[in-house]
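Before any comments, here is the structure.
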Amino acid sequence: MWKGLVHEYREFLPVTDETPIVSLNEGNTPLIPLLHLPKRFGIEAKWYVKYEGLNPTGSFKDRGMAMAITKAKEKGAKIVMCASTGNTSAAAAAYATRAGMACCVIIPEGKIALGKLAQAMMHGATVLQIKGNFDDALNTVIEITKKYPVELVNSINPYRIEGQKTGAFEIIDALGDAPDFHSIPVGNAGNITAYWKGYTEFFDLKRATKRPKMMGFQAAGSAPIVLGHPVKNPETIATAIRIGNPASWKQAEAARDESGGLIESVTDEEITEAQQLLAGLEGVFCEPASAASIAGIIKKCSSMSFGKDKVIVSVLTGNGLKDPNRAIEISPKPIGVDNNLTSILKHLESHF
Ligand SMILES: *Cc1c(COP(=O)(O)O)cnc(C)c1O
């Protein structure tokens, strides 16, 4: 039985036999081949999505949180804290509960997707909303955790990156080698940093013969790395990447440059179209931020060569159910009908 990523990849993680592993059996998420999207866009490469929305709390944040809470527990911490655009708070609340610790999350008022807020509340976290954005919230959390006996579990906590790098291990283990291209949404830039670290470690250990080009995508309204300066009031419907001053900015640039990759932006329209295509053509439902990694490949496919012998992996960072409001907003509404054959069959005839 799969026992969670800290257990499974322990030889590559900062744990000892005495470390009290906190786990919800996260990781081991499927790598799903796309069947229809590549054809639609003339992409001959094998194109997979790593569906991180199937982690216990519905996002990749569980990878880093399993590791960070494990280390906090080892240290004897009683309370953890994070700033969050939503998924970090859901994961922190769940794993802190699992470990018997208290959890406090600071979120930007009104900008949290409904599913994520519900999770933090159900897991019993102290949920504090501020009139400010993620960047403001993170500054406050850093100040508090410096001065008081509270463990910071944002991705500037190095154990978060350690846990998250296991996503790259799983991809290499599943494919037998690293892919040629790895596309990923970029918000606070912890995940692109972590994947690059994971790919590099397995490459150095000769478990892979190559490392992928890292292709990071920010939302156009919150694209500080693309613009080369912080964005004061970041805006995008992809709330998970609505971040104006990424904590792992330098590391993300290093991942881009060392891999010969790129970090570019995609518009909210492109993100929405990608989310709809993925759900409507492939049967895979991801949240808006995750669709940036699909929108990015679609955007680049005319100028870059994704040939037959190449492999692309796009990370779907979070589950579509996280943000039901947005999904309902962009979809056709249910059709009211009378409950009889004539009125119902009218809507099926075109498929006969
Ligand atoms: C956190 C998050 C991101 C951004 O990841 P970073 O490590 O902050 O760059 C993207 N998508 C989803 C669904 C997230 O929860």
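Data table
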{"read-out": "Where Lys46 falls short, out of the listed (1) among the charged types (D, E, K, R); (2) within 16 Å of the ligand (Cβ to nearest atom); (3) touching a strand residue (DSSP E or B) at 6+ places or on another chain (Cβ under 6 Å)", "value": "(2)"}
{"read-out": "Test: residue in region 139-151 that is under 30 Å from Asp268 (Cα atoms), in contact with a Leu (Cβ under 9 Å, 6 or more places away or on another chain), surrounded by 18 or more Cβ atoms within 10 Å (Cβ to Cβ) and β-branched (Val, Ile, Thr)", "value": "yes"}
{"read-out": "Residue selected from region 208-235 under the condition over 21 Å from the mean Cα position of the chain (by Cα) and under 18 Å from Glu258 (Cβ atoms), by the criterion nearest to the ligand (Cβ to nearest atom)", "value": "Ala208"}
{"read-out": "Meets criteria (modelled with pLDDT of 95 or more, under 15 Å from the mean Cα position of the chain (by Cα) and part of a helix (DSSP H, G or I)) for Arg98", "value": "no"}
{"read-out": "Identity of the residue in region 1-21, aliphatic (A, V, I, L, M) and surrounded by 11 or more Cβ atoms within 10 Å (Cβ to Cβ), that ends up farthest from Ala72 (Cα to Cα)", "value": "Leu5"}
{"read-out": "Segments classed as helices (runs of 4 or more DSSP H), wholly inside region 187-287, with at least 2 members that are within 29 Å of Asn325 (Cβ to Cβ)", "value": "190-204, 224-227, 268-277"}
{"read-out": "Pick from region 307-352, criterion part of a loop (DSSP other than H, G, I, E, B) and acidic (Asp, Glu), ranking: farthest from Ile184 (Cα to Cα)", "value": "Asp338"}
{"read-out": "Residues that are crowded, with 24+ Cβ neighbours inside 10 Å and of a type in the set (S, T, N, Q), drawn from region 71-102", "value": "Ser84, Thr85, Asn87, Thr88, Ser89"}
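The values are calculated or read from the model by the stated rules, or taken from the named source; none is laboratory data. Predicted model only: the values in this text are computed from it and were never measured. Neighbour counts are summed over all protein chains in view; Cβ atoms, including those assigned to glycine, are modelled from backbone coordinates with ideal geometry.
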